[in-house]
Amino acid sequence: MALATAKIEDRIALDAEIHRIIHHLGSGKVGGVAYDTAWVARLSSRYPGYGFEQSLAWLREHQFPDGSWGSQILHYHDRYISTLAAITTLKEAGGDPDDQARIARGEQVLWRLVGHLGKDNSDTIGFPVLSSALAEEAAALGLEVPRPSARYAAAFRDKVSQFLNQTNRNWRQNTLSFSMEAMRSIVQQGDDVLEDNYSINVSPSATAGYLMAHRNEQALGYLQSVMTNDVTGSAPAVAPIDVFEATWSLNHLRLAGAVHPDMPGVRKVLDRLWQVWSPDQGVSYSSYFGVPNLDDTASCFAVLHWGGYPVDVRVFERFERDDHFYCFPNETDISLGAHVRLLTALKQWGGMDENHPWIVKIMSVFRRTNKTGTFWWDKWHVSPYYLSSTAVMAMHGIATELAHSRLTWIMKTQNPDGGWGYLDHSTAEESAYCLEALLYWDRAVERVDPDILSRACDFLCDHVSDTQFPSLWIGKSLYTPYYPVKSAVLGAVMSCMDQRSK
């Protein structure tokens, strides 16, 4: 079978691009977002001369025709929180003659967006506290904005209250620090707040919020450093997320057979991951944040085990609860993605069949949430293809009927252009996830319709040189972790080339 014509000429060029990515893993490259940019721009009037005026200019240039700000992908929580942050910033720190018109259009669209929030499967991170605090600030500035209802609001308030009632508050050991901008006024003298890189939980918006109430030159330096990575003036959603970036990227590439542990560049990345690995705690998404989570721990476990490092499954004991595994301490809703990545890690470890208590517990979570019989959602991603494709590989041999139902849904929902996309149009990222699952099934289980594979490969080959990807990942707003997404695309294309050359 002839290889499809692609923008990248041959396998050598594809290998070179993969090696380039491996060289950059650990940089934590994340695209700029309107929400964090708005918070950084608010500092322009408080800290003149630090370069934050550039963020204010970016904000003015990136309002959508309907008056909103946020991701190109329409996700109502993202658009709502981004727009609310933007008009609050323009009202407080703006001075351009056209700012009032921008604010008025933003106010108007908020009243339309608020009625659609229930259509999103997942909220953005910290939405109950962030939206409430921002709405109060906007109202205090004279803006007329709606007050949204929020799922999990009561549970989130309980989590905040429990933390604030502690005698010694260690923000660095609590995920609430990620929403510091909404709670900056309650930081007390002596609270442990700043990370080793002088950020608040590697979040530009949280750090900017803190700086609105507490001047700190090192924290200002952190913001300046992350802003220099984007000459446009936009701020990233998080920076750096080096551990997450490295583990997710390597997992995509290793599953495709595109890399092996003894490659010098890969070994350097693995050695860095081993340095931050804790046999008792696992890892966080960033080497600058000290709260481990199951998602990153399971992903890191998988690549370290693949690399020959002496990891032990007992690290997962700390994440176990009576009827599920938690991703973060005191989380308000379960992460299905963390469960499927844990299942993947346990399968790779070996020695556990479907009757092992951990496997039984994981599968009970999925069977309880198997409402549609076709796909699942993860709270960290807007597309169900993200989780469902991974579940196909993880559940084969353990709950093959569940895996097959997801595979069937993937095959039945391929778009005419050969790709996949849950929100109206095909994307390279979602298509890469689906092709990974289909090629796995074709190799390991049974043959997949070759026409489905051929059209998918053609679509991805046409997009293998893409450098811009829609924001599908859920943080405080939607964002794109560049290298994990690019690695998924490159890995799927390489697997496709290998398959077609046989």
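Since every read-out is calculated from the coordinates, none of them should be taken as a lab result. Just so it is clear, the model here is predicted, and its values are computed rather than measured. Please note: Cβ atoms are built from the backbone with ideal geometry, for glycine as well, and neighbour counts cover all protein chains shown.
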Only Cα pairs under 8 Å and at least 6 apart count here; give the relative contact order of the chain as a rounded whole percent. 20 percent
Tell me the mean residue ellipticity at 222 nm calculated for the chain from its helices only (DSSP H runs of n ≥ 4, each -39500 (n - 2.57), averaged over every residue, nearest 500). -16000 deg cm²/dmol
Can you say what percent of the DSSP beta bridges in the chain, counting only those with both residues inside, are antiparallel? Round to 5. 90 percent
Putting +1 on Lys and Arg Cβ atoms and -1 on Asp and Glu Cβ atoms, find which of 410, 33, 346 reaches farthest to the positive end of the dipole of the chain. 346
Out of 471, 495, 456, whose Cα points farthest toward the positive end of the dipole of segment 430-502 (charges: +1 Lys, Arg; -1 Asp, Glu; placed on Cβ)? 471
Among 197, 183, 261, whose Cα sits farthest toward the positive end of the charge dipole of segment 167-262 (+1 at Cβ of Lys/Arg, -1 at Cβ of Asp/Glu, about the Cα centre)? 183
Charges only on Cβ, +1 for Lys and Arg, -1 for Asp and Glu: so what's the dipole of segment 33-229 about the Cα centre, in debye to the nearest 20? 380 debye
By the mean-Cβ-within-10 Å protection proxy, highest first, 345-356, 80-91 rank as 80-91, 345-356
Counting just the Cα atoms, what span does segment 33-229 cover along each of its three principal axes? Round to the nearest Å and put the largest first. 46, 41, 30
To the nearest 20 debye, what charge dipole does the chain have about its Cα centre, counting +1 at the Cβ of each Lys and Arg and -1 at the Cβ of each Asp and Glu? 480 debye
Show me 56-68, 241-253, 190-202, 487-499 ranked by packing, highest mean number of other Cβ atoms within 10 Å first. 241-253, 487-499, 190-202, 56-68
Amide H of residue 478: which non-local residues (sequence gap of 5 or more, or other chain) have their own amide H closer than 5 Å, using H built in the peptide plane? 71
How would you rank 325-333, 203-211, highest first, on the average number of other Cβ atoms within 10 Å across their residues? 203-211, 325-333
From the cross-link list 347/476; 119/412; 379/412, which pairs have alpha carbons spaced over 26 Å apart? 347/476
Using the Kirkwood radius over Cα pairs, work out the Stokes-Einstein diffusion coefficient for the chain at 4 °C and 1.567 mPa s, in µm²/s as a whole number. 55 µm²/s
